Amino acid sequence: MRIAEKLYRLFFPFLTCCSCARQAVCTDECLCPACAQELAEVSLRMFIRSGHEVWVCAPYTGAAAGLVRRLKFHADREAGRIIGKFCIKAYRNIGRTYDLIAPAPLSRKRLRIRGFNQCVLFGKMISNACGVPLQPRALYRVRDVKSQHELGWRERFENADHAFAAREALVRGKTVLFLDDVFTSGATSDDCVRALLQAGAARVDVLCFALAQQADARPRQHAASNGQAIKD
């Protein structure tokens, strides 16, 4: 986030929408009325992929996509706080408890540039609100990979293939909720789920804030999906 924008947000915190960034009178969630209304209408969706559940809060369009971009490319933590609130509601609506949350690990380069791992940010909010332990060290990268958003479909799977590993001492015998921001091709979540199961996790499901329109929500084995309003 630019210095001038930081100062503006400091003195006028509710005049800049965290999604569209237009100068508008905003709600107490730091959203303009249009973005707030759009996000109020999203519904929680679940589909089965290779035997595990994948839960998503919103489509990666409009206001939801704006929040993700503000968080990831402008380091806007207020946008992250809003996303985290949606993840808390989603966790409560899933109706299942997990032994721990495993956030997607960030590369050292990205962590240095951004200053934080956005998935750890969401995970801390869920952990504090719902009492499920957060384990940021459950997953780690075994090799450097290119940024997924720069790659085509096939390249995403090649890029993420066996790029992650899990610490057996932390996940063996545990039910794990893998947490990420956006589900696009499924390459990252597939490899992280594989790593967790190979390390002995008893069950692994996935929670992502947004589902990209072109996302490969097709299962590797069988499918089931639904849509339900995200209740407070």
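The values are calculated or read from the model by the stated rules, or taken from the named source; none is laboratory data. As the structure is a computational prediction, the values presented were derived from the model and not from experiment. Positions of Cβ are backbone-derived with ideal geometry, glycine not excepted, and every protein chain shown enters the neighbour counts.
Residues that are touching a Leu at 6+ places or on another chain (Cβ under 9 Å) and without any contact (Cβ under 8 Å) to a residue 60 or more places away in the chain within segment 106-127 comprise Arg114, Phe116, Asn117, Val120, Leu121, Gly123, Lys124, Ile126, Ser127, listed in sequence order.
Within segment 27-63, the set of residues being among the hydroxyl-bearing types (Ser, Thr, Tyr) and more than 19 Å from the chain's Cα centre (by Cα) comprises Thr27, Ser50. If you go through segment 167-185 and pick out every residue that is among the charged types (D, E, K, R) and either touching a His at 6+ places or on another chain (Cβ under 6 Å) or assigned to a strand (DSSP E or B) (or both), you end up with 2. Taking the criterion of being surrounded by fewer than 18 Cβ atoms within 10 Å (Cβ to Cβ), in a helix (DSSP H, G or I) and β-branched (Val, Ile, Thr), the residues of segment 64-117 that qualify are Ile94, Ile113. Pairs linking a residue in segment 41-66 that is touching a residue at least 40 places away in the same chain (Cβ under 8 Å) to a residue that is part of a strand (DSSP E or B) and polar (S, T, N, Q), with Cβ atoms under 7 Å and 6 or more positions apart or on different chains, are Ser43/Gln228; Leu44/Gln228; Arg45/Ser225; Arg45/Asn226; Met46/Ser225; Met46/Asn226; Phe47/Ser225. Can we say Val42 is farther than 18 Å from Thr188 by Cβ and buried (at least 16 other Cβ atoms within 10 Å of the Cβ)? The answer is yes for Val42. Across segment 81-121, which residue is farthest from Leu170 (Cα to Cα) among those that are at pLDDT 95 or above and aromatic (Phe, Trp, Tyr)? Selected residue: Phe86.
Pick from segment 134-144 the residues that are part of a loop (DSSP other than H, G, I, E, B) and more than 10 Å from Ala102 (Cβ to Cβ): which of them is modelled with the highest pLDDT?
Val142
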